[in-house]
Amino acid sequence: MKNLLLASLLLVSFTAYGADPNEITPENVLRIMNEYRAQELLPPLALERRLTQAADDRMQHMEDEGFWSHTSPSGVSPFTWVRVRAYQFSKVGENLANGFETARVLVESWMESPGHRANIMSPDFEDVGLSIIDGSTQGPATGRSIVALFGRQQAAAQVARSH
């Protein structure tokens, strides 16, 4: 009985705190990207609210129009959503991924792609916003789809000059 109670408490604790390091969550994806950055002595990326909102807007746009690409069929840039959310950037980038089941395999696949790796490892990026959905923007599918928007905010002086 004692072992059953302990196992139940561990299960509740594990479930309640989302402690599964393999689940594709913003926290796990960020943690794994920052593990790679730390190996190269780069500062960690931080989850940024406006970039996360922009990534959510971007994902919704792709769902609404039924596409999966860096540029929409009508020519809308992914960075449109960053501007809509008033993230004043000096540099911005995007990673997309779909069909993944675990955070580790997702980030490892990005690290094997030169362009995706460059975004994760760029010393020019300090922030990231992540949007994650089950399935695909083009209909039912296995795995999860992920939008990552990377950015660096403009210095305050640059923002003041632009207004």
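The values are calculated or read from the model by the stated rules, or taken from the named source; none is laboratory data. Only a predicted model underlies this, so the values are computations on that prediction, with no experimental measurement involved. Cβ: placed from backbone, ideal geometry, glycine included. Neighbour counts: every protein chain shown. The protein model used for the area step is the full one, side chains on, heavy atoms only, and it has no ligands, DNA or RNA in it. Shrake-Rupley method; radii C 1.70, N 1.55, O 1.52, S 1.80 Å.
Only residues in the stretch 107-124 that are open to solvent by 40 Å² or more (accessible area, probe 1.4 Å) count as the first member; pair them with residues that are outside any helix (DSSP H, G or I) and of a type outside the set (Phe, Trp, Tyr), Cβ under 6 angstrom, at least 6 apart or cross-chain, and list the lot.
Once the first residue is open to solvent by 40 Å² or more (accessible area, probe 1.4 Å) and sits in the stretch 107-124, its partners that are outside any helix (DSSP H, G or I) and of a type outside the set (Phe, Trp, Tyr) give His116/Asn95; Pro123/Leu42; Asp124/Lys91; Asp124/Arg152.
Could you tell me which residue of the stretch 5-16 is nearest to Phe150 (Cα to Cα), considering only residues that are open to solvent by less than 90 Å² (accessible area, probe 1.4 Å) and either at pLDDT 50 or above or of a type outside the set (A, V, I, L, M) (or both)?
The qualifying residue nearest to Phe150 (Cα to Cα) is Ser13.
Any residue at all in the stretch 74-82 that's of a type in the set (A, V, I, L, M), at pLDDT below 95 and over 17 Å from Thr25 (Cβ atoms)?
Yes, the stretch 74-82 has at least one match.
I'd like the residue in the stretch 114-163 that is basic (Lys, Arg) and in contact with a strand residue (DSSP E or B) (Cβ under 9 Å, 6 or more places away or on another chain) and, out of all such residues, is modelled with the highest pLDDT.
Filtering the stretch 114-163 for residues that are basic (Lys, Arg) and in contact with a strand residue (DSSP E or B) (Cβ under 9 Å, 6 or more places away or on another chain), the one modelled with the highest pLDDT comes out as Arg152.
Do you know which residues across the stretch 47-105 are touching a residue at least 24 places away in the same chain (Cβ under 8 Å), among the β-branched types (Val, Ile, Thr) and either open to solvent by 60 Å² or more (accessible area, probe 1.4 Å) or touching a Leu at 6+ places or on another chain (Cβ under 9 Å) (or both)?
The answer is Thr52, Val82, Val84, Val92.
Which residues, counting only those in the stretch 17-46, are polar (S, T, N, Q), surrounded by 12 or more Cβ atoms within 10 Å (Cβ to Cβ) and part of a helix (DSSP H, G or I)?
Those that are polar (S, T, N, Q), surrounded by 12 or more Cβ atoms within 10 Å (Cβ to Cβ) and part of a helix (DSSP H, G or I): Asn28, Asn34.
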